[in-house]
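Have a look at the structure below, then the notes.
The values are calculated or read from the model by the stated rules, or taken from the named source; none is laboratory data. Keep in mind that what you see is a predicted model, and the values were worked out from it rather than measured. Cβ sites come from the backbone with ideal geometry, for glycine too, and all protein chains shown count toward neighbours. Calculation scope for accessible area: heavy atoms of the full protein, side chains included, ligands and nucleic acids excluded. Shrake-Rupley method; radii C 1.70, N 1.55, O 1.52, S 1.80 Å.
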Amino acid sequence: MTTTPQPPEEPATAAPEPPAAPPAPEAPPVPEAPPATDAGARRPRGRTARLIAAAALLGVVGGVATGYTVQAERPPTPLPPLSQPDLAYPKKRLPADQTPEPLSAAEDRRVKTDGDLRKLLLPVPKGARENHKFTKDNWLSIGTYSERFSTPADTFRAFGWSGLRRVAHRAWDEGDRTYIINLVQFRDAQELGAKRHMEEQQNSMLRDGMAQNVGSLLEGTEWGRYYVFDKPVRRPGYPPMYATRAIAHRGDVTMDIFAYDTRPMSKKDIRTIAERQVGML
């Protein structure tokens, strides 16, 4: 009978010997334990710091108390004498013939403005017709003057806080041209209301619907300016109105001048009127 041949068996070999294990390292020496101490003699942690801080605080308090005590027992130190050699006053009053004369009304600007403010308004030119649309006695109440602004109620309250005293008013017509002059006087007790009002109105000239330019410096004033509106004011049913304006202040009075015309106006038209009105102040 035939048999299936089997693969030859591999010769048996001896298993290799495992390598020798490395020697074990020596154990590190065991440190010696510190000597035992008495449990009752051990101090709590942080106690020394607290004792030092308490001692320092007591030292400061004691030093301050001692300083106050020493200072209180000392006699008051006299102040040094006030020496002002540059200030000298005569022992006797000057004779009557050497006493300087008081300022006249023309020299004392406050005397002029404390009087009838309407007398400082520019007079109506010859041939012109005075306009009494807002007043017949050339005085405007604070309420009537506030109505000329875009927010009358807020403006009225602001004038109350700023110390507005009175408003002198004059207007006249020359053909199709109208001139309006307002002399707005402030008390100026706590702040320079006239100067502030001038600055506020000058700033408003840059807004839409106004001149939208910085204007020109008005001679004879410190910061006064006059303006020509870049665009005419147009309203339905009315011809276009060309506007100019001059704003300045002198002392406690703000000068505010408007001029309107159906024809274009030049800088000279408003500057001439403004310079004349400044000369009255």
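Things worth noting here:
- Of all residues in segment 153-185 being touching a residue at least 12 places away in the same chain (Cβ under 8 Å) and charged (D, E, K, R), the one that is surrounded by the most Cβ atoms within 10 Å (Cβ to Cβ): Arg170
- For Arg196, the test of being surrounded by fewer than 18 Cβ atoms within 10 Å (Cβ to Cβ) and closer than 19 Å to Leu281 by Cα is passed.
- From the list Met198, Met241, the lone residue that is under 17 Å from Glu275 (Cβ atoms) and modelled with pLDDT of 90 or more is Met198.
- Unique match (being more than 24 Å from the chain's Cα centre (by Cα) and among the hydroxyl-bearing types (Ser, Thr, Tyr)) among Thr254, Thr244: Thr244
- Scanning segment 121-155 for residues that are assigned to a helix (DSSP H, G or I) and either hydroxyl-bearing (Ser, Thr, Tyr) or under 27 Å from the mean Cα position of the chain (by Cα) (or both), we see that the one that is nearest to Glu200 (Cα to Cα) is Thr155.
- Selection status of Arg118, surrounded by 12 or more Cβ atoms within 10 Å (Cβ to Cβ) and either more than 29 Å from the chain's Cα centre (by Cα) or assigned to a helix (DSSP H, G or I) (or both): yes
- When restricted to residues that are assigned to a strand (DSSP E or B), of a type outside the set (A, V, I, L, M, F, W, C) and either over 15 Å from Thr178 (Cα atoms) or open to solvent by 10 Å² or more (accessible area, probe 1.4 Å) (or both), segment 246-281 contains 4.
- In this structure, Arg225 does satisfy being within 22 Å of Leu122 (Cα to Cα) and either basic (Lys, Arg) or modelled with pLDDT of 95 or more (or both).
- Selection from segment 226-241 of residues that are assigned to a strand (DSSP E or B) and closer than 19 Å to Arg148 by Cβ: Tyr226, Tyr227, Val233, Met241
- Test: residue in segment 92-115 that is open to solvent by less than 60 Å² (accessible area, probe 1.4 Å), among the charged types (D, E, K, R) and modelled with pLDDT of 80 or more: no
- Filter result for Thr178 (in a strand (DSSP E or B) and under 24 Å from Ser204 (Cβ atoms)): yes
- Residues satisfying the stated conditions in segment 183-199, i.e. polar (S, T, N, Q) and within 17 Å of Ile142 (Cβ to Cβ): Gln185
- Hey, Ala158 assigned to a helix (DSSP H, G or I) and touching a His at 6+ places or on another chain (Cβ under 7 Å) or not: no
- Screening the candidates Tyr238, Tyr226 for the property of being open to solvent by less than 60 Å² (accessible area, probe 1.4 Å) and without any contact (Cβ under 8 Å) to a residue 60 or more places away in the chain yields one hit, Tyr226.
- In segment 199-223, the residues that are polar (S, T, N, Q), surrounded by 13 or more Cβ atoms within 10 Å (Cβ to Cβ) and farther than 20 Å from Asp261 by Cβ: Gln201, Gln202, Ser204, Thr221
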